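Participant: One structure, as structure tokens, below. Some questions next.
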Amino acid sequence: QVQLVESGGGLVQAGGSLRLSCAASGSIVSINSMAWYRQAPGIQREWVATITSSGATNYAESVKGRFTISRDVAKNTVYLQMNSLKPEDTAVYYCKANIRSRGGSRFLDYWGQGTQVTVSS
């Protein structure tokens, strides 16, 4: 079994910062890419940022220059540093990891349970 657990969400004022963490655990052989998504009420889940196994990063235009994705390979953990937060960043943030588990021959996508981020104006 593989689990992803997010933490670090909360309530912050506009212009503030938060750092999200997502730790993968369980029968992990290898992790390929890791990513963050978010979903606001009534809106489809949207991609926020991705980091590959080699450390290459990519961002949605709406967060570019404000958010930074990083990972600690040894800890199987991905982070999302969010600066200059805006009310429109309010959403449940989910992490996704592409993982090959013990006994598996393919990489599969696993999701965390989500963490709420609320930005007040």
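The values are calculated or read from the model by the stated rules, or taken from the named source; none is laboratory data. Predicted model, so just to flag it, every value in this text is computed and none were measured. Neighbour counts are summed over all protein chains in view; Cβ atoms, including those assigned to glycine, are modelled from backbone coordinates with ideal geometry. Only protein heavy atoms, including side chains, enter the accessible area calculation; ligands, DNA and RNA are left aside. Shrake-Rupley method; radii C 1.70, N 1.55, O 1.52, S 1.80 Å.
Participant: Counting alpha carbon pairs within less than 8 Å and at least 6 residues apart, what relative contact order, in whole percent, applies to the stretch 50-117?
Facilitator: On the way: 74 pairs, mean separation 14.7, N = 68.
Here the relative contact order equals 22 percent.
Participant: Say R0 is 30 Å: what FRET efficiency, to the nearest 0.05, do ASN83 and PHE107 get from their beta-carbon distance? Mind dumping the intermediate values first?
Facilitator: Working: r = 31 Å, r/R0 = 1.04.
About 0.45, to the nearest 0.05.
Participant: Could you pull out the trypsin sites (Lys or Arg not before Pro) across the stretch 1-52 that fall in loop regions by DSSP (anything but H, G, I, E, B) with no more than 16 other Cβ atoms inside 10 Å?
Facilitator: Of the trypsin sites (Lys or Arg not before Pro), the ones in loops of the stretch 1-52 whose Cβ has at most 16 other Cβ atoms within 10 Å are ARG45.
Participant: Express the accessible area of the stretch 48-121 per residue in Å², computed with a 1.4 Å probe while the remaining protein chains stay in the model.
Facilitator: 51 Å²
Participant: Just the accessible area for LYS96, please: 1.4 Å probe, Å², rounded to the nearest 10?
Facilitator: Probe radius 1.4 Å; accessible area of LYS96 about 40 Å².
Participant: What does the charge add up to near ALA91, with Lys and Arg as +1, Asp and Glu as -1, over the other residues with Cβ less than 15 Å from its Cβ?
Facilitator: On the way: positive: ARG38, ARG45, ARG66, LYS86, LYS96; negative: GLU6, GLU46, GLU88, ASP89.
So the surrounding residues net to +1.
Participant: So which GluC sites (Glu not before Pro) in the stretch 1-103 pass both tests, a DSSP loop state and at most 12 other Cβ atoms within 10 Å of the Cβ?
Facilitator: Numbers: sites: GLU6, GLU46, GLU61, GLU88; in loops: GLU61.
When the GluC sites (Glu not before Pro) of the stretch 1-103 are filtered for loop state and at most 12 Cβ neighbours within 10 Å, GLU61 remain.
Participant: Just need the relative contact order of the chain here, percent rounded to a whole number, with Cα pairs under 8 Å and 6+ apart.
Facilitator: Numbers: 303 pairs, mean separation 44.1, N = 121.
Once divided by the residue count of the chain, the mean separation gives 36 percent.
Participant: Then there's this: Calculate the translational D of the stretch 59-111 in whole µm² s⁻¹ from Stokes-Einstein, where the hydrodynamic radius comes from the Kirkwood formula applied to all Cα pairs, the temperature is 20 °C and the viscosity 1.002 mPa s. Mind dumping the intermediate values first?
Facilitator: Working: Rh = 13.3 Å.
Calculated translational D: 161 µm²/s.
Participant: What's the local net charge at THR77, with K and R +1, D and E -1, over the other residues with C-beta under 15 Å away? Can you show the working numbers first?
Facilitator: Details: positive: ARG19, ARG71, LYS75, LYS96; negative: GLU6, ASP72.
Local charge sum for THR77: +2.
Participant: To continue, here is another question. Return one quarter of the surface area of the convex hull spanned by the alpha-carbon atoms of the chain, equal to its mean projected area, in nm². Show your work: numbers first, answer last.
Facilitator: Working: hull surface 28.7 nm².
Dividing the Cα hull surface by four gives the mean projection, 7.2 nm².
Participant: Could you please state how large a percent of the accessible area of the chain is carbon and sulfur, counting protein chains only and using a 1.4 Å probe?
Facilitator: Working: 2950 of 6350 Å².
Taking all protein chains in place, the chain shows 47 percent carbon and sulfur surface.
Participant: Continuing with this model, one more query. Distance between Cα centroids, the stretch 1-72 to the stretch 84-113: provide it in whole Å.
Facilitator: 7 Å
Participant: Give the accessible area for THR90 in Å² (nearest 10); use a 1.4 Å probe, count only protein heavy atoms, and leave out ligands, DNA and RNA.
Facilitator: Roll a 1.4 Å probe over it and THR90 shows about 40 Å².
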